[in-house]
Each structure stands twice: as C-alpha cells, then as structure tokens.
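Notes follow the structure.
The values are calculated or read from the model by the stated rules, or taken from the named source; none is laboratory data. Only a predicted model underlies this, so the values are computations on that prediction, with no experimental measurement involved. Note that we place each Cβ from the backbone using ideal geometry, even for glycine, and neighbour counts take in every protein chain shown.
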Amino acid sequence: MPISSEQLIIIGSGPAAHTAAIYAARANLKPLLFEGLLAGGVAAGGQLTTTTEVENFPGFVSISGPELMQKMREQSLHCGTRIISETVDKVNLSQRPFKVFVGGKEYQTETIIITTGATAKRMNLPGEERLWQKGISACAVCDGALPFFRNKVLAVIGGGDSAVEEATYLTKFASKVLMLVRRDVLRAAKVMQDRVKNNPKIQIMFNTLPTAVLGDQSVTGLKIKNTLTNAESTLDIGGLFYAIGHIPNTAFLNGQVELDEAGYIKPKPGTTQTSVPGVFAAGDVQDKVYRQAVTSAGSGCMAALDAERYLSH
C-alpha cells in the first residue's frame, strides 16, 4: 500500500526544485519534495553546495552557495512544502497515479517534477578532492569572475565546445589561460577552434594529460604528462577548470521519458512537459546549454505553473 497519495512530487533539491516547490505550495498543491541523501554524490542543495561564492544570483551581492540553498530550502518550508531527505530509487510512469519508490516505500502522485540536475565529470586526480573549490571548479561562468582567479594563470582541461567557451570566458579575468588537450586535435566546432587559436591569451597544450593537482591551501600547480613521450613536468597555475562534460542524473527513470543523445530529458519546446503527460522537468537535468542557478530557478517556476495547469484540466 502506498504511504500517501499526492498531487505533486518534486524530485531534486537545487534552485529548480525549490522554486518549483515555492510556486506549487503557494498554489495550494501541497508539494512533497524528495531532496535526496547525497544523490549523485552531491549534498542536498545540488551543485551550488560545492560553490564557495555566488555573485551572479539576483538579490545577493555575494553569498556562499550553501547559504543560498539553505535560504531557498527555508522558503520552501515556509510556503508549506514537505521535504523528505531521502533519495528516490525508481519511478513507475506507466500508469496513473504515478508511483515513486523511496527506500522500499511507495508514494503515489498525479504529477511529478524532475529536477535532479547534472553532475560535473571529474578526473579524481591526486589533490583534487582536497582542493575542490579552493582553486578547482567545473564552471567558469559561475566562478571565473571571482577575485580569487583574477590575474592568474588558469588551466582548462578539455578540447570540446565547452572547453573552448570556458577558456575564452576566462581570458576576461586571467593573465593567461592554458588549454590542456589529451589528444592532438580539438573536438570543438571549427569556428570555435579558430577563436581560441587566435586569442593571444590562450595557449593550447596538445597531447597533455594532468596527473596531480598541487597546493596546500589553494591550487598552485598541476603535474602533467606528455601522452606521446611520457615526459612529466609541472605547470605553475592559480586555478583549474574542468570542461570535460556533465552526467545528467536520469538513471533512476530507466528510460521512461524521452532523453537526448547525451541523456538529458527532452521537454516539449517552450514548456517543461516531458514525453509523459503529467511529468515535468526543470533545471540542469534538461539544460546542457546554460546551467546557471538563475536559469534553473526560472525553469522551476515554469514547471510548477505547467503542473498546476495540468492538474486544473
């Protein structure tokens, strides 16, 4: 027997989840939110919990990522959202009401909003865990403008479109940007390749593999190896940015909603509606382009409004 029968269940804990919860609660949908317990390897609150300073979220000149997410969580509760700190194991979207399974318990719901995000890929280099957010980041747009990174030599790992965009963005603040590419070619589009090759502040280092991050209190260097000669050396850098992709947290859906080739949920254009009527998606789990806290929050608002309209009809 199900524990409860809900109008709306929200799965996730980042800006999209809490914005959806705030709007849904104010619409008297009595949302139940599962924030997860280290879901995707990240604490409740999502990727922002790994960000030290946030300077680009409207209303805050500067605020730490964890504090911002705590404020969102408090607002969700204040509006009437019920929050359970457990991770959803699986869902059954083949019948209505939908079924959500959490730790051996079953919940039923008329609608679901999926906001499980995407986890940045890491390389698990020696020193990485200790220095994460102490000079290592997976989002140049999020962190690159922070005073910590200004006028320093910064390294970007990756050779695709994202790496080119990150490196180009960082030239606004860095004294120099090193692009470390494992192969002897860039995978980015030709026009983007030309952009970095013609930028005097960017140096591309082909056939280069990082092997360890150096530094005590913050990043001061990076050990590298030439993939052709196996020669090892050390780069003096003040910051390291990963641009090797993200993994959308959609495995628990078991293919029940339409995904794109990279595993992101494909909503219907102009909406948050997934391929399953009554199931909506918001935030980074359906966005591989912008991936910002404010865009996630905006899509969370859209999902709540879409769910409200669906229920009213």
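Listing for the model above:
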item	result
The stretch 157-180 residues that are farther than 14 Å from residue 204 by Cα, paired with ones that are assigned to a strand (DSSP E or B) and at pLDDT below 95 (beta carbon under 9 Å, 6 or more apart)	162/246
Qualifying residue in the stretch 86-98 (condition: of a type outside the set (Asp, Glu) and farther than 30 Å from residue 298 by Cβ)	yes
Answer from 20, 24 - the residue that is touching an Asp or Glu at 6+ places or on another chain (Cβ under 9 Å) and buried (at least 21 other Cβ atoms within 10 Å of the Cβ)	24
Total residues in the stretch 1-17, condition surrounded by 24 or more Cβ atoms within 10 Å (Cβ to Cβ) and either in contact with a helix residue (DSSP H, G or I) (Cβ under 8 Å, 6 or more places away or on another chain) or not assigned by TED's automatic domain parsing to the domain that holds residue 75 (or both)	9
Where residue 257 falls short, out of the listed (1) farther than 28 Å from residue 181 by Cβ; (2) β-branched (Val, Ile, Thr); (3) in the same structural domain as residue 154 (by TED's automatic domain parsing)	(3)
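Yes/no per residue for (1) of a type outside the set (A, V, I, L, M, F, W, C); (2) outside the structural domain of residue 18 (by TED's automatic domain parsing); (3) under 23 Å from the mean Cα position of the chain (by Cα):
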site: 219; (1), (2), (3): no, yes, yes
site: 227; (1), (2), (3): yes, yes, no
site: 253; (1), (2), (3): no, no, yes
site: 298; (1), (2), (3): yes, no, yes
